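Reading through the structure tokens given below for one structure.
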Amino acid sequence: VEASIPEPQRDAWKKFQAKPFVSKDDFEKEVVRHVETTLARSMFNCDETAAYAAASLAFRDRLITEWNRTQQRQTFADTKRVYYLSLEFLMGRALDNAMLNVGLKNIAKEGLSELGFRIEDIINQEHDAALGNGGLGRLAACFLDSMASLNFPAWGYGLRYKYGIFKQEIVDGYQVEVPDYWLDFNPWEFPRHDIVVDVQFYGGVRKYQDEAGKNVAVWEGGEIVKATAYDVPIPGFNTPTTNNMRLWSSKAASGEFDFQKFNSGDYESSVADQQRAETISAVLYPNDNLDRGKELRLKQQYFWVAASLYDIVRRFKKSKRAWSEFPDQIAIQLNDTHPTLAIVELQRILIDMEGLDWDEAWTIVTNTFGYTNHTVLPEALEKWSVPLFQNLLPRHLQIIYDINMFFLQSVERKFPGDRDMLGRVSIIEESQPKMVRMAFLAIVGSHKVNGVAELHSDLIKTTIFKDFVKIFGPDKFTNVTNGITPRRWLHQANPRLSELIASKTGGLGFLKDLNVLNELEKFADDKEFKKEWAEIKYANKVRLAKYIKSTTGVTVNPAALFDIQVKRIHEYKRQQLNIFGVIHRYLTIKAMTPEERKKLAPRVSIFGGKAAPGYWMAKTIIHLINNVGAVVNKDPDVGDLLKVIFLEDYNVSKAEIITPASDVSEHISTAGTEASGTSNMKFVLNGGLIIGTCDGANIEITREIGENNIFLFGNLAEDVEDLRHTHNYGSHTLDPDLVKVFDLIKSNAFGDAGAFGALTGSIEDHGDYYLVSDDFHSYIQTQTLVDEAYKNQEEWITKTILSVARMGFFSSDRCINEYAEMIWNVEPLPVGKESGLGKEE
Ligand code: BZD
């Protein structure tokens, strides 16, 4: 059915098309209209929640107008599109970002003030969209911002979880998880009840030969779950381009519970069917860097992949192009192995549904996909048991076996007789039960594979994917170092710093071309500038100190050195090294004379981050941090010299307060374990220095900002294997200072030491896999250098200015341009200036 309005009536449409507001009065008009009509309230009944709702709806209307135009423009242009498949999008709040990206925050601020509200209070009403665990999900969010800001025709595809990452509460020093129900009121999504895809599970495969003698496979039976699309507009910064993030929500095929069953008295099972279907998109798995192989997770993956590919293929078919042109029109990026089934699903669509030959189809598939790897940790590499697969996705398993057979045949031709090689690279691991190795499938089914920082990309080529480099050649493997969006992580999180930079570099252009920051180098010794710079940092620390006071009750001195480590809690990220260092500092202070204490730089050690609910050791680390804080913070010998804070429920909106307030932040993973890290970039961009290991993007940050401006310590990645070997097979003596720390813990100084036995034991008795003891001395020494350096504020400030000036490389815009050029082969779609953008500079 033709849904398009006939030519003669289109003038009427054009005449009455919605026009995005640009003035304060029009904004206020919209807010009042939404309060009075959409929300059915009045000025006598309008609290901050209602004002947030109305302001958001006003901006949403605006975004959706541009969204429509963008989609039309992209459809007419019919150029290549990018689809970013990610099981996680850690978006945070949308209102502040929307106001800034369309350049109307000041207008909104004045408008809201005239209506009786403070814009900060309104912004704070918003619940974070927390559909992600950590770095991987936040990277996807930064990429969406960059793709829109650079005018790339690009969509994100994900799952609309009813519950995002859990809310963390700290009770008696322990983490407690509380469900994050965030959809109560979400003005940023548009349900598309007309875009519904049937997704099949279970059943069986019937094979036969048709009249022409062609082999046919039919996947039949099983059950159907419905996927409904929810669209979220993604506004670019200072451009009309507004891209789409499409999230799928699951429902039982009948929509409601089955009336047949209901009427026949089988009420419970009819409700159960419905609930089972809805369970698929109910909750985000809270593990980062750990694969648990649960059936529901595989169901989530296929549900999302099948709906997304159906949607992508449907759009392509409307263009009536030949199938061979598919990869010229479409690039699909796999954010880790979570969407790897997309490779199999596209092959299935092409051969089973569209009747293409295997080879023809496989060429299309491999030219379409790119795969980004985010980890080398063995426990994080996804594997699915073959029996589980066989039951849930029988046809897909057959196709995987065929993909593997053709792949192994090609390996055999290239390396005749190398049976070990065949076993090593097989997509099917010959274990009990057999397992499907998803990373190998992703490599075989993509034309490019990339790591996320130089060291990481080198490591995957020389370790976990070594054989594949031999098989496919080195050009298939590449690096795209991660980046962050300066819009959210500088302009939004640190408005005063952004303003100061704008005043010295000729406006907000640096937010679109971050290399413009270079111009700040000439102010690195400028007295006036340094004073303003330092004042802004201090104000950001005051803001965080207030937040700490209000949430923990602890008073911290904003003049103290703020030392921050916020990220998911994981042994490889080594928060335990940090807290052991804090205990060492505590011991040192206790042993000092009052005179010696006067010379010490006061410090606030700030931690934040969630532990996966089933990760006992990570929870133990949180417990220790809190117990150390409880003792240290009330010890009169210590006073302001040391405070230990654990910030509850670290998330994106809290990161926006925390990041601008660091003097140093810690990125201290065991060398070779953190693929990139991205908060390291955020902290430096906000005028903080970092203490870190030679790991992930720390190495490139050092290259860019200069080694005088970073505190590096610890063993190198190349030495890790030998050290581990020595721990296990040679002698293993602990660092004497670390022994003292352990002795204090064991004296029950921080509560019953039994609670921490597993933690100290993993280092003393179980091989210290993460090299805490090996790096301890170097860590403590480097912390002493930090103390010394901080005493010279003049030099310190200069270091931070030079660092910020040299951070241009770490914009996610640079990153997206690299993906576009090296992997996707797509170009931006230029926009006219016809749209009503705000003119705020
Ligand atoms: O991805 C992270 C890496 O650990 C970081 O080093 C890197 O900077 C970012 C972005 O590339 N990985 C994750 O965050 N991974 C997960 O959250 C995750 C989630 C589910 C399953 C496996 C991993």
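The values are calculated or read from the model by the stated rules, or taken from the named source; none is laboratory data. Source: prediction; values computed, not measured. With ideal geometry, Cβ positions are generated from the backbone for all residues, glycine too; neighbour counts draw on all protein chains shown. Note: areas computed on protein heavy atoms with side chains; ligands, DNA, RNA excluded. Shrake-Rupley method; radii C 1.70, N 1.55, O 1.52, S 1.80 Å.
Worth a mention:
- V425 over 20 Å from E379 (Cβ atoms), within 16 Å of the ligand (Cβ to nearest atom) and buried (at least 23 other Cβ atoms within 10 Å of the Cβ): no
- Exclusive hit being out of contact with any helix residue (DSSP H, G or I) (no Cβ under 7 Å at 6 or more places or on another chain), loosely packed, with under 13 Cβ neighbours inside 10 Å and not assigned by TED's automatic domain parsing to the domain that holds N627, set K162, K167, K207, K226: K207
- Filtering A50, A40, A3 for residues that are free of Cβ contacts under 8 Å to residues at least 24 places away in the same chain and buried (at least 17 other Cβ atoms within 10 Å of the Cβ) leaves a single hit, A50.
- Matching residues in region 302-332 - criterion: being modelled with pLDDT of 95 or more, surrounded by fewer than 24 Cβ atoms within 10 Å (Cβ to Cβ) and polar (S, T, N, Q): S324, Q329
- Scanning region 570-600 for residues that are within 24 Å of the chain's Cα centre (by Cα) and either open to solvent by 30 Å² or more (accessible area, probe 1.4 Å) or farther than 19 Å from V631 by Cβ (or both) gives H570, E571, Y572, K573, R574.
- Taken across region 274-288, residues that are modelled with pLDDT under 90 and within 16 Å of the ligand (Cβ to nearest atom) do occur, with at least one present.
- For region 662-709, the set of residues classified as open to solvent by less than 10 Å² (accessible area, probe 1.4 Å), β-branched (V, I, T) and either more than 14 Å from the ligand (Cβ to nearest atom) or not in a helix (DSSP H, G or I) (or both) consists of V664, I668, T670, V684, I690, I691, T693, I705, listed by residue number.
- Test result for K504, surrounded by fewer than 17 Cβ atoms within 10 Å (Cβ to Cβ), in the same structural domain as D402 (by TED's automatic domain parsing) and among the charged types (D, E, K, R): no
- Matching residues, region 431-444, being within 16 Å of L381 (Cα to Cα) and surrounded by fewer than 17 Cβ atoms within 10 Å (Cβ to Cβ): S431, K434
- Any hit, region 87-94, residues being within 16 Å of the ligand (Cβ to nearest atom) and within 16 Å of N243 (Cα to Cα): yes
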